[in-house]
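Dropping a structure here in structure tokens format, bear with me for questions.
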Amino acid sequence: MSVALGIRNLKPIKAYCYSYLAAAQYYNGLYQESAASRRKAIELLPKDQWSVEFLSLAQAYLGAKDTNEALTAAKKR
């Protein structure tokens, strides 16, 4: 098994960690931090798994009262 293959296999696991972190940040009122963690999760996940992340990203932006970014994220879903 090559090192590159091993790292590629870890990306979804790391993405889920960022996703859980974003949820915890959101529920603690840390909306900007939550949005940053969601964006990191989106970077690491394959495109077919982005839908829920973009909806959650839009929700974080709404919590931060950034409606323009929320609309942009929601449209990417």
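The values are calculated or read from the model by the stated rules, or taken from the named source; none is laboratory data. What you see is a predicted model, and the numbers here were worked out from it, not measured in a lab. All Cβ positions, glycine included, derive from the backbone under ideal geometry; neighbour counts span all protein chains shown. Heads up: the accessible areas ignore ligands, DNA and RNA and are worked out on the full protein's heavy atoms, side chains in. Shrake-Rupley method; radii C 1.70, N 1.55, O 1.52, S 1.80 Å.
Between residues in region 28-42 that are open to solvent by 40 Å² or more (accessible area, probe 1.4 Å) and residues that are part of a helix (DSSP H, G or I), which pairs lie under 7 Å by C-beta distance while being six or more apart or on different chains?
Within 7 Å, the pairs are Y31/A60; Y31/G63; E33/Q25; R39/L57; K40/Y18.
Being of a type in the set (D, E) and under 12 Å from the mean Cα position of the chain (by Cα) is the filter; apply it to region 43-77 and report the residue that is nearest to N28 (Cα to Cα). Steps first, answer last, please.
Residues of region 43-77 that are of a type in the set (D, E), as a first pass: 43, 48, 53, 66, 69.
When the remaining residues are screened for being under 12 Å from the mean Cα position of the chain (by Cα), the result is 43, 53.
Values: E43: 23, E53: 18 Å.
Among those that are of a type in the set (D, E) and under 12 Å from the mean Cα position of the chain (by Cα), it is E53.
Name the residues in region 46-67 that are in contact with a Ser or Thr (Cβ under 8 Å, 6 or more places away or on another chain) and of a type in the set (D, E), would you?
Of everything in region 46-67, just one residue is in contact with a Ser or Thr (Cβ under 8 Å, 6 or more places away or on another chain) and of a type in the set (D, E), namely E53.
Can you name the residue in region 26-48 that is farther than 17 Å from A70 by Cα and in contact with a helix residue (DSSP H, G or I) (Cβ under 7 Å, 6 or more places away or on another chain) and is also modelled with the lowest pLDDT among such residues?
L45
So which of K11, K75, K65 ends up being outside any helix (DSSP H, G or I) and either surrounded by fewer than 19 Cβ atoms within 10 Å (Cβ to Cβ) or at pLDDT 95 or above (or both)? Steps first, answer last, please.
Numbers: K11 fails: outside any helix (DSSP H, G or I); K75 fails: outside any helix (DSSP H, G or I).
K65 is the lone residue from the list that is outside any helix (DSSP H, G or I) and either surrounded by fewer than 19 Cβ atoms within 10 Å (Cβ to Cβ) or at pLDDT 95 or above (or both).
Step by step: first the residues of region 43-62, then only those that are open to solvent by 90 Å² or more (accessible area, probe 1.4 Å) and charged (D, E, K, R), then the one that is nearest to K11 (Cα to Cα). Which residue is that?
We begin by selecting, within region 43-62, every residue open to solvent by 90 Å² or more (accessible area, probe 1.4 Å); these are 43, 47-48, 52, 62.
Cutting the leftovers down to charged (D, E, K, R) gives us 43, 47-48.
Numbers: E43: 9, K47: 13, D48: 14 Å.
Among residues in region 43-62 that are open to solvent by 90 Å² or more (accessible area, probe 1.4 Å) and charged (D, E, K, R), the one nearest to K11 (Cα to Cα) is E43.
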